[in-house]
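The values are calculated or read from the model by the stated rules, or taken from the named source; none is laboratory data. If you're wondering where the values come from, they're calculated on a predicted model, not measured in any experiment. For neighbour counting, all protein chains shown are included, and Cβ atoms are generated from backbone atoms with ideal geometry for every residue, glycine included. Only protein heavy atoms, including side chains, enter the accessible area calculation; ligands, DNA and RNA are left aside. Shrake-Rupley method; radii C 1.70, N 1.55, O 1.52, S 1.80 Å.
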Amino acid sequence: MGAGERLNAELTNFIRSAEPFLMVDVTRAAGWSDEWDRMVQVSTGTTAEKLNRNAGTEYCWENLPTSAGFDESYPPEFYLFTRDGQPVQTVRWPEAVSIIQFGDHDALTKESVLTVDAEGWIVPQ
């Protein structure tokens, strides 16, 4: 699909956007292919059951992020992209907190409309 660094850079660029945009606008600006249909966040404490439900997968997940056992200041939290219920790529968050605040959305799709809120977070509408 594409380089994770490019996706994170484009997310940062889109924070400057005054107009709503689609998630696929971000991935295309990063030079990614369109070989995904769902994006979920995998944060500390995400269970395999929750991840499968949100991602639309039936997968035996290992090494999901926990708050214990990491030498780093924060565990490796990431975005997971899937296609037809299969994982296709992960992208580690560039910061300790996700640039995208999913709120009550379990997942994003290519057609998800995103905006930047008053605090500078990317949020789905």
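The phi-based Karplus calculation (6.51 cos²θ - 1.76 cosθ + 1.60; θ = phi - 60°) puts the 3J(HN,Hα) values of the range 20-29 at x, 8, 9, 4, 5, 4, 5, 5, 5, 4 Hz, whole numbers, x for Gly and Pro. Determine the sum of side-chain charges near Phe81: Lys and Arg each +1, Asp and Glu each -1, restricted to other residues whose C-beta is under 9 angstrom from that of Phe81. Combined, the nearby Lys, Arg, Asp and Glu give 0.
Annotation: amide H-H contacts under 5 Å for His105 (H modelled 1.01 Å from N, sequence separation of 5 or more, or interchain): none. The simple spin-label model puts a point 7 Å past each Cα toward its Cβ; for Ser17 and Lys110 those points are separated by 1.5 nm. In this structure Lys50 has an accessible area near 90 Å², from a 1.4 Å probe over the protein heavy atoms. The residues packed around Gln101, meaning those with a beta-carbon under 10 Å from its beta-carbon, carry a net charge of -2 if Lys and Arg are +1 and Asp and Glu are -1.
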